[in-house]
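Participant: Handing you this structure, nothing more for now.
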Amino acid sequence: MLWPGGAPGHERTGVGFDRQTQDATVTKVVEVSCKEAGASGVPPTGDTSTAEGSSAVREEKGTCKRATIRVDTGDDKGRTFTEIVQPDQSRQLQEGQEVVVAYEPSAPKDLQYSVTDINRGMPMALLAGIFAIAVVVVGRMRGVMALVALAISFMVLNVFILPAILQGSNPLVVAVVGASAIMLIALYLCHGLSARTSVAVLGTLISLLLIGILGSVFIDWAALTGNTDDNTGLIHGLYPTIDMSGLLLAGVIIGSLGVLDDVTVTQTSAVWELHEANPSMGWRGLYRAGIRIGRDHIASVVNTLVLAYAGAALPLLLLFSIAQSSVGTVANSELVAEEIVRTLIGSIGLVASVPVTTALAALVVSADRPGTEPALETTAAPARGGRGRRRKR
């Protein structure tokens with residue numbers, strides 16, 4: 001019912017990620033005076049006491065670089081253009097460097113192309129190759145299955161989740177269905193079709209539903225719009241019908257799924273191993289022993305999740321620190337409140353997954369009571385014993 005018929009088309013805006021880009025190469029870099037290149041200048045007011053004015057004066061006296069860039073792809077393959085690189089720019093171009101250039105057809109011909117980023121294809125591909133080799137060498141067949149599951153997860157994300165949201169479907173429903181599909185494929189593919197895996201799947205699904213309910217309530221209550229940066233603003237401009245707060249909630253659910261899988265699989269395996277070590281232990285004993293393991297898991301996982309979100313928002317937190325804002329002011333701003341709600345809801349789902357999964361695993365594994373195999377051995381033993389011979393006489 002939710003399967004998309006294809007994302008609706010739109011005309012490129014030329015803003016942010018919505019620009020036409022091509023691959024290019026820096027063929028020549030020469031040093032020139034910034035004043036001669038016209039790369040800087042004093043503000044029209046003549047005020048050099050401001051940060052912008054003093055920076056313009058420094059640049060005017062500094063040495064810039066004039067880079068010649070050759071377009072390597074597209075209809076204008078082989079075309080060259082020049083770009084001035086100022087000394088205070090964070091990205092400095094070097095001869096032979098591969099870059100990404102943006103194309104704006106409505107601009108004057110000599111200004112249609114501009115460098116937007118560095119081409120990182122080779123180092124990214126090499127790093128991905130090292131990761132794949134490490135996973136296969138250590139995990140062997142399980143590692144291969146994990147890589148296959150990872151590829152399928154990306155396929156579900158790009159073929160179903162993103163197009164369905166762009167088409168106007170409810171982001172919460174799409175996220176729950178898509179995350180459930182990813183979970184089913186990944187867990188059964190990596191861990192096999194078994195009762196142990198099924199318990200982990202059920203525990204993960206219950207936790208995802210809890211995260212969805214809590215997220216829906218608190219995102220609405222906190223009046224989080226989900227439109228807090230240039231990217232979300234561009235999405236809202238291109239597709240006004242998308243529910244941005246729902247998109248935020250979908251991100252919370254999908255972001256929590258990976259850690260949930262880890263917790264539920266680990267808890268289920270712990271209960272199964274406890275049962276193997278002591279088959280006579282009942283479900284209450286298994287639950288108590290499993291939950292003791294789970295408490296340590298909760299402490300480490302929650303800390304990991306909080307630090308992961310804090311690391312992602314570190315530049316933003318640094319800006320608030322520079323502004324010397326109070327903790328209350330920082331927490332109340334939508335940018336930070338969004339991360340706080342995301343972190344706390346995900347953490348609550350993780351915490352809840354431990355007792356839920358442990359209880360389910362204890363109930364299921366305790367049903368495999370000892371007695372079946374010993375009973376077979378008891379009936380077989382008399383045939384080899386003295387009573388068997390007396391029965392023969």
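Participant: Going 7 Å from the Cα of Val32 in the Cα-to-Cβ direction, what parts of segment 83-98 have a backbone nitrogen less than 13 Å from that spot?
Facilitator: 83-86
Participant: How large is ³J(HN,Hα), in whole Hz, for each residue of segment 151-160 in order, when computed from phi with the Karplus curve 6.51 cos²θ - 1.76 cosθ + 1.60 and θ = phi - 60°, using x for Gly and Pro?
Facilitator: 5, 5, 4, 5, 5, 4, 5, 7, 8, 10
Participant: Now for a separate question. Between Asp230 and Ala299, what is 0.36 nm times their sequence separation minus the Cα-Cα distance? Round to one decimal in nm.
Facilitator: Answer, rounded to one decimal: 21.3 nm.
Participant: Rounded to the nearest 0.05, what FRET efficiency is calculated for Trp221 and Gln94 with R0 set to 51 Å and r the Cβ-Cβ distance?
Facilitator: With R0 = 51 Å, the Cβ-Cβ based efficiency is 0.50.
Participant: Next up: Sticking with the crude label model, points 7 Å out along Cα→Cβ, report the distance from Ser280 to Glu104 in nm, one decimal please.
Facilitator: Taking the simple label geometry, Ser280 and Glu104 are separated by 8.0 nm.
Participant: What is the set of long-range amide H partners of Thr27 at a cut-off below 5 Å, with H atoms built 1.01 Å from backbone N?
Facilitator: So Thr27 has HN proximity to Thr68, Ile69, Arg70, Gly96.
Participant: On to the next question. Can you tell me the FRET efficiency between Ile152 and Arg288 if r is taken as the Cβ-Cβ distance and R0 is 25 Å, rounded to the nearest 0.05? Working shown, then result.
Facilitator: Values: r = 37 Å, r/R0 = 1.48.
Calculated value: 0.10.
Participant: Pop out the ³J(HN,Hα) list for segment 251-265 in order, Karplus 6.51 cos²θ - 1.76 cosθ + 1.60 with θ = phi - 60°, rounded to Hz; leave Gly and Pro as x.
Facilitator: Values, residue by residue: x, 4, 5, 5, x, 7, 4, x, 6, 4, 4, 4, 5, 5, 5 Hz.
Readers should treat all values here as calculations from the given coordinates under stated rules, not as data from a laboratory. Remember, predicted model here, so these are calculated numbers, not experimental data. Heads up, the Cβs are rebuilt from the backbone with ideal geometry, glycines too, and the neighbour counts pull from every protein chain shown.
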